[in-house]
Structure formats: structure tokens, C-alpha cells
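Student: This is the structure I want to talk about, given as C-alpha cells.
The values are calculated or read from the model by the stated rules, or taken from the named source; none is laboratory data. As the structure is a computational prediction, the values presented were derived from the model and not from experiment. Cβ placement follows ideal geometry from the backbone for every residue including glycine, while neighbour counts extend to all protein chains displayed. Side chains are part of the model used for accessible areas, which takes the heavy atoms of the whole protein and leaves out ligands, DNA and RNA. Shrake-Rupley method; radii C 1.70, N 1.55, O 1.52, S 1.80 Å.
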Amino acid sequence: MRKDRGSGWFGPFGGRFVPETLIEPLNELEAAYASARRDPKFKAALRSELDTFVGRPTPLTFAGRLSAALGLRVWLKREDLTHTGAHKINNTVGQILLARRMKKKRVIAETGAGQHGVATAAAAARAGLPCVVYMGTDDMARQAPNVARMKMLGATVVPVESGSKTLKDATSEALRAWSSDSRNTFYVLGSALGPHPYPSMVRDFQSVIGVEARAQILKAEGRLPKEVVACVGGGSNSIGIFSAFIKDRGVRLTGVEAGGTGSAPGRHAARFSGGSPGTLHGTYTYLLQDARGQVLPTHSISAGLDYPAVGPEHAELRRIGRAKYANASDKDALKAAHELCRLEGILPALESSHALAYLHKARLKKGELILVNLSGRGDKDLGTLCA
Amino acid sequence: MRLTLAKALRARRAFGRAGFVPFLVAGDPTLAQSLVAAKLLAAAGADVLEVGVPFSDPVADGPVIQAAGQRALAKGMSLKKAIGFVAALRADGVTIPVVLFTYLNPILRMGTEAFARACKKAEATGVLIVDLPAEDSTETEGILKKHGLELVLLASPTTTDERLKLIAKANGTAIYYVSREGVTGVRKGLALNIADRLKHVRRMTKKPLMVGFGVAEASQARALALHADGVVVGSALVRANYEGGPGAVRRLAKKLIGALEI
């Protein structure tokens, strides 16, 4: 890899491994974002969208009955209460403000669970921009309510039939579409993944989760949590909450990947336990691949975690030992979803349920503080949950 | 000593036609049929052969080459076997330059050094890595060069003059100009202002220039022949090979070669 590491690298991970046609559009995006993030007007517009459209700040909820059951003090950061029902909207309002600033004529996005697609469609409708969302046909079948929501919000949903018919293939198709018309099109990428500047930009837009949560728990408890837990698909909700705590050396950061139905290739999406470094969709990071460098199929009960690569900043946080990564099985995630419903009256997304499942394995002393990012709500998963 | 890309393309131009650069996916639809097609293209007058290495996630490719890659992968094709494909061509007397057209990840997995050694042993001429931009290619290029392999760099309609200068200065030995935005595939007509754009790229670099993406018909090849050292035809040949077999490949190649006279 490159020796003179400039921006866009997280230690050895990250970079910009894309076809030539996309290099200049990425340079243009990088420059536009660098100027926007320093501009007080852009910052004020983003703040206003977050407060009045997204519904921020989201509350921090003390999970009393769950805490009693686990012998811990569990706090939930309620991203499920944002408009459209998941943290994804924090990023899409930011990127769509940037699309308007760059005078782009339309936006495109990839989606897995459909939450990013819905959040992009909503923010695009509000900005008056046409929106096209690429989605694998397998995901369209298992997340049908979100397909209907995207269409209600005026987006065109393009079914992707190639490869594994999930998020990986939807992302390839979105990159192809962007490379055909980058002059007019803004690509709203949904996770802390892809070529530079996306991993940093998406983290910045999601960092509002961590900034709020840190202040909220200090106010409520007068101290920082012992551990912060979040599920990791591409890794945007987790990097969003982790980023505010990275400098707090005493706070453990734990990401939870999809353990699926077993450790054999194709049965999970646990990149750190089953993968190795490689390049996919423009970034060098941990990847599920075979001995020939072909990307492996993945499985997770939650469409949002069903992706073969992890955000490059997570790969670096793990390399330097600042964060650790566990995984939770389909079965344990389902159990955790039902448990939160019954004990706390909250229906979590199957993605977030992986973080909740980890609580049963957390090695904390009795009564210690643990903060969980409840990244989304589970209405979209009722079909799977009630099956 | 085999011909370099520059020598092969310039020699052909001296004889009054632009270089014909066919592209095939190794192992599509079977290893045997792709070998037959590659050999007959060489015999028909190809000047450089591009051998596509299938990848599970080909973001620069359109539907025709995506499908070809999936067929080849399903039959067990890999980077290692694609290098073996080149060795088989050499063993059968194919002497024109052969370039492996691949994505980065299979090379990283094999290890760049091991990859370069294997390519040298198979007598490949060079490598084109679709998703390795010039900024990041220095180290790879050094390893390839050590083993006597050329690196083909890409330029596109969105490449700025600043980056064209960088690409001209980089050690890559030839330039593949992507004639239009988007992905590989058969298209009608040519990109707007392509002639002016190619003249401009010519002024920026002395490296031999191949042009491709969307070239399927004789009329397109004829128009591009005036402004480039080589014209790459991919999807149209891949489709001919899959749907019509060797006869269809031979007929299309003949038509295209005729159109490249200048």
C-alpha cells in the first residue's frame, strides 16, 4: 500500500481503490466536504435539520428491568426514536445538504435493510431531489415494508439481481451508476465504508450520537460508562458512538458483528474472526474472502449486518487495541429482541439486537455502567421476529 | 525477447493500421473455449491480447462482462489459473503481448511479489489493475518492473490535467483511455468530443495509447483508429464468444481489423 499516507488512511487501512473514472468525483467530494465542514452556515443548517427534522437530541433511556436481570446498569441511546427509525438519517441529511451545496441534480444510494434507503429517500424528498435506491432482490423480499416506504417517499427502487442479491451487490451497482453520471449525481453512501472521503465523512455525520450520549450519561450518572457497545455492519452507528469516547481510555469499546448460524464460510458476517485484509468497494480493510481473493457470500438474520467488509477505521481501532469486536448469533439476537420488548417495552431492530445479545457475555462487575447504542427500531423486522 | 506493448502497437501503426486489442475473460464459458478464442484472435491479427481475470465484485464492468466473470468463477477460474491461461497461450505459440486485466484484491491475496513471479514465468507482458489508481501504484509498479512486467495505467473522461501529468510521469508503460464514463459494455456511437479528448491526452504523454469501453462496431473502431495506437474491444467479443462460439469471434475480429486501417 501507499507509503506517503495522507488523509483517508487509518493506519494501513482505508484509501481509495476505485476505477479511474471515480477518482475525480471523489476529489471533488472531498474538497466540497472539507469546505462545508468549516462553513458556519453549513453547520447551522445541519444542526437545524437534526433538531427539527430528525428529532435530535435522542434520549438516553435507563433500562431498569433489563439492568436488574443482568446485574448491571444498562443505558440505551435511542437512535430508534429518530425520524425514519434508525441512525441512518443523521448521515443522509448531512450528505444531502452537501449534495445541494454542490448543486447536484439527483441522488443515488445503496441499501441493505432498507433503513439507509428510507433515510435517503426522506431527506431527498425534503430537499426536492430525485432519488434512486439500489437494493438486492433478496433484501427487498425480507424488508418489504421499507421498500414500500421508499416508494411512498418518491424514490425509485432498482432491484439488483447480480451476485448474492444483497447489500454487497447493491453497493457495486450504485458505484457503477455513479461512475456513469458523476457530474449530476451525488452518491449518498450509507456506512463508514467505501473510498475516501466516505469513511471519515460518514463518521463525522454520525458522531452526533456519541457526543450526545457522552454528555447525557455524565449528566445522569456523574461518570463515564465502563463499556460502550454497538452492532457493526459497515460500522456507522458504532463509529458514531465510539468516536466521542476514543480519548476516554478507561471506557471499553465493543463492536458486535453478525455471528449468523455458525463459523463456516457463508454462514456469518463476522469479518474480524473469519476474514483477512483486502480491498472491496474502494477501501482496504478486513474482508470475508476465499484463498483466491474472491469475496465470500455472507449470512445474517439482519440485512443491515449482512455485508462482507467492515469500515476501515474499525480495522484500525482493532489493530491498535482501542476497540474489541465480538459476534452474536442469529439465535441470540432474536432472543435479545424479544427480551427487550418484554422487559423494556422497546422493539429493537435485529441489527441493534446483536449489541443487546452481547450484554449477556459482557465481563463487568455487578452494578457497572454499560451504554448500548440502540441504532434502530424493529418494526421492519416483524416478519422475521414473529415467524 | 518478446515485444513490448509500445513496440507492438507502434510497429502496427507503421504498417498503416491501429492496433487491434481484443479482450476476453479467461475461462468463459469454459477454459477450453476461451483458449480457442484467444488463439484464433492472435492468428487473425490481434496486436495485444487482454485477458480478463474474473472477480466476484467487478465494479467497473457492465452486464456482459459481469455475467462472463460469474460463469468463469462458477467453473473454478482464479487469478492463478488465469496466469496458467497465459502460459498455455505461450506454449501454443502465441507471441503477441498479453496483458492481464484484473482487480486488485486477488493480487493482494496472492501477494504482489508471488503474482509478479508467476506472471514472469508464464511470460505475460503486463498487467492492468482496474481499481489501483496511479497515486497508489508506485510500490506495485516497482515489483512488476523488477520481474520485467509492464503496468498499464488508466485515464478517463473525468481525469484532470493535473492527474494526466501524474499518469504521464508515472512508470506505467502504456495508457488505457476509458472512452466514456460508466462501465464496460456495448454501446452505440462514441462519446462526444472523443477525438479532441484523445488529441489532448496525446499532447500530455508520449506513452502508447489504447482506447476502449463501449467499442463494438466497425464504425466506432474506424473513428477511434485515427487517434489511438490501439483500440480495445471487450464486451462485443465476449458476447460473440459466448453466444456464437469461435466462428462468431472470427467474423467480428475480421470486421474490426478491417476498420482499423488508417
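Student: Among the aspartates and glutamates, which have Cα under 12 Å from the Cα of B:Lys188 when same-chain residues fewer than 8 positions away are ignored?
Tutor: B:Glu217
Student: Could I have the simple spin-label model distance between A:Ala68 and A:Lys43, label points 7 Å from Cα toward Cβ, reported in nm to one decimal?
Tutor: Placing both labels 7 Å beyond Cα along the Cβ direction yields 4.5 nm.
Student: Output the Cα-based Rg and Dmax of the protein assembly as shown in Å, rounding Rg to one decimal and Dmax to a whole number.
Tutor: 25.7, 86
Student: Report the Cα centroid-to-centroid distance between segment B:86-105 and segment A:261-285 in angstrom, as an integer.
Tutor: About 31 Å separates the Cα centre of segment B:86-105 from the one of segment A:261-285.
Student: Also, quick follow-up: Could you give the distance between the Cα centres of segment A:38-108 and segment B:190-226, to the whole Å?
Tutor: Taking the Cα centre of segment B:190-226 as reference, the centre of segment A:38-108 is 48 Å away.
Student: If you don't mind, another one. List the lysines whose Cα sits under 20 Å from the Cα of A:Lys105, skipping any in the same chain fewer than 8 residues away.
Tutor: A:Lys151
Student: Among the aspartates and glutamates, which have Cα under 13 Å from the Cα of A:Lys361 when same-chain residues fewer than 8 positions away are ignored?
Tutor: A:Glu227, A:Asp332
Student: Same structure again: Largest first, how would A:Cys341, A:Cys231 line up by accessible area (1.4 Å probe)?
Tutor: Numbers: A:Cys341 50, A:Cys231 5 Å².
So, going from the largest accessible area down, we get A:Cys341, A:Cys231.
Student: Please find, in a Gaussian network model of chain B (springs between Cα atoms separated by less than 10 Å), the residue of B:Asn241, B:Asn105, B:Asn171 whose mean-square fluctuation is greatest.
Tutor: B:Asn105
Student: Between segment A:131-145 and segment A:109-123, what is the separation of their alpha carbon centroids in Å?
Tutor: What the calculation gives is 9 Å, centre to centre.
Student: When the accessible area of each residue in segment B:173-211 is compared between its chain alone and the complete protein assembly (1.4 Å probe; ligands, DNA and RNA ignored), which residues differ by at least 20 Å², being lower in the assembly?
Tutor: Going by heavy-atom accessible area, the residues of segment B:173-211 that drop by at least 20 Å² are B:Glu181, B:Gly182, B:Val183.
Student: Quickly work out the B:Lys145-to-B:Leu226 label distance, labels modelled 7 Å from Cα along the C-beta direction, and quote it in nm with one decimal.
Tutor: 3.7
Student: Do any of A:Lys247/A:Lys331; B:Lys81/B:Lys199; B:Lys7/B:Lys80 go past 31 Å between their Cα atoms, and which?
Tutor: Over 31 Å Cα-Cα: A:Lys247/A:Lys331; B:Lys81/B:Lys199.
Student: Sticking with this one: Go through segment A:235-243 residue by residue and turn each phi into a ³J(HN,Hα) via Karplus (6.51, -1.76, 1.60, θ = phi - 60°); whole Hz please, and just put x for glycine and proline.
Tutor: x, 7, 5, 5, 5, x, 7, 4, 4
Student: Using θ = phi - 60° and the Karplus curve 6.51 cos²θ - 1.76 cosθ + 1.60, what whole-Hz ³J(HN,Hα) does each residue of segment A:197-214 get, with Gly and Pro shown as x?
Tutor: Those phi angles translate into x, 4, x, 6, 5, 5, 4, 4, 5, 8, 5, 4, 4, x, 4, 5, 4, 5 Hz.
Student: Rounded to the nearest 20 Debye, what is the dipole magnitude of segment A:1-137 about its Cα centre when Lys and Arg each give +1 and Asp and Glu each give -1 at the C-beta?
Tutor: Here the size comes out at about 360 debye.
Student: List every residue whose amide H lies under 5 Å from the amide H of A:Val157, counting only residues 5 or more places away in sequence or on a different chain, with H placed 1.01 Å from N in the peptide plane.
Tutor: Result for A:Val157 returns A:Val133.
Student: While we're here: Quick check: with the 1.4 Å probe, what order do A:Glu173, B:Glu50 take by accessible area, largest first? Intermediate results must be reported in sequence, preceding the final value.
Tutor: Details: A:Glu173 50, B:Glu50 0 Å².
Listed by decreasing accessible area, they come as A:Glu173, B:Glu50.
Student: Per-residue ellipticity at 222 nm for the protein assembly as shown, helices alone: DSSP H runs ≥ 4 residues times -39500 (n - 2.57), over residue total, nearest 500 deg cm²/dmol?
Tutor: Numbers: 26 runs with 288 residues, N = 649.
Taking each H run of at least 4 residues, the total per residue is -13500 deg cm²/dmol.
Student: To continue, here is another question. Among B:Ala218, B:Ala240, B:Leu73, whose Cα projects farthest towards the positive end of the dipole of chain B, with charges put on the beta-carbon of Lys, Arg (+1) and Asp, Glu (-1)?
Tutor: Working it through, the farthest residue towards the positive pole turns out to be B:Ala218.
Student: Using a simple charge model, +1 on the beta-carbon of Lys and Arg, -1 on the beta-carbon of Asp and Glu, nothing else, what dipole does chain B show about its Cα centre, in debye to the nearest 20?
Tutor: 780
Student: OK, next. Which ³J(HN,Hα) values, rounded to whole Hz and listed in residue order, are derived for segment B:225-239 from phi using the Karplus coefficients 6.51, -1.76 and 1.60 in 6.51 cos²θ - 1.76 cosθ + 1.60 with θ = phi - 60°, glycine and proline given as x?
Tutor: So the J values, rounded to whole Hz, are 4, 5, 10, 9, 7, x, 10, 9, 10, x, 3, 4, 6, 4, 5.
Student: Probe of 1.4 angstrom, ligands and nucleic acids ignored: what's the accessible area per residue over the protein assembly as shown, in square angstrom?
Tutor: Here the per-residue accessible area is 36 Å².
Student: Let me ask something else. What quantity of accessible surface, computed with a 1.4 Å probe and excluding non-protein components, is buried in total between chains B and A, in Å² to the nearest 100? Please report the intermediate quantities before stating the final value.
Tutor: Details: alone 11420 and 15040 Å², together 23370 Å².
So the buried area, both faces added, is about 3100 Å².
Student: Under 5 Å between amide hydrogens, which residues at least 5 positions from B:Arg17 or on another chain qualify, with H placed 1.01 Å from N in the peptide plane?
Tutor: B:Ile262
Student: Using a simple charge model, +1 on the beta-carbon of Lys and Arg, -1 on the beta-carbon of Asp and Glu, nothing else, what dipole does segment B:166-246 show about its Cα centre, in debye to the nearest 20?
Tutor: My answer is approximately 360 debye.
Student: Could you look at the protein assembly as shown and say what percent of its accessible area is carbon and sulfur, using a 1.4 Å probe and all protein chains?
Tutor: Carbon-and-sulfur percentage of accessible area, whole number: 55.
Student: Per-residue accessible area for B:Leu192 at 1.4 Å probe radius, Å² rounded to 10?
Tutor: Around 150 Å² of this residue is reachable by solvent.
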